[in-house]
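The values are calculated or read from the model by the stated rules, or taken from the named source; none is laboratory data. Everything numeric in this text was worked out from a predicted model, so none of it was measured. Positions of Cβ are backbone-derived with ideal geometry, glycine not excepted, and every protein chain shown enters the neighbour counts. Ligands, DNA and RNA are excluded from the accessible area calculation, which covers all protein heavy atoms including side chains. Shrake-Rupley method; radii C 1.70, N 1.55, O 1.52, S 1.80 Å.
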Amino acid sequence: MKAQKELRLLPWAGPDGQPCYLSTSDPDSHMSRLADNIEAMQLGMSSQLREEEAQLLDDEATSLDPDALTLLAAQLAAALGEVLRVATSRGSRPVGPEPV
């Protein structure tokens, strides 16, 4: 008896903001690779945003600008949501080959 396939949480939401899931045991499927690529892009963009945040907050003149801080807070919140979705997805996926 084969183990039931796990649903993979995808790194994007549906039209109403609902989570999207992928049902496949093939990590090399088109949708799996697409999700992997988008996750990598989201993590890379979050890392880059973190570097920009450090520079912005180190610059005393800019750090006093409320508009810049509001934009930064919104971007960091969005990036945190994406990183949490990736972490949730990766944490729920089985590691190693599926049992037969």
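Below is a table of values for the structure above.
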item: Elements of type helices (runs of 4 or more DSSP H) contained in the stretch 18-100, each with 3 or more residues being of a type in the set (A, V, I, L, M, F, W, C), over 17 Å from Arg8 (Cα atoms) and at pLDDT 90 or above; result: 30-58, 66-92
item: Failed item in (1) free of Cβ contacts under 8 Å to residues at least 40 places away in the same chain; (2) open to solvent by 30 Å² or more (accessible area, probe 1.4 Å), with Leu49 passing the rest; result: (2)
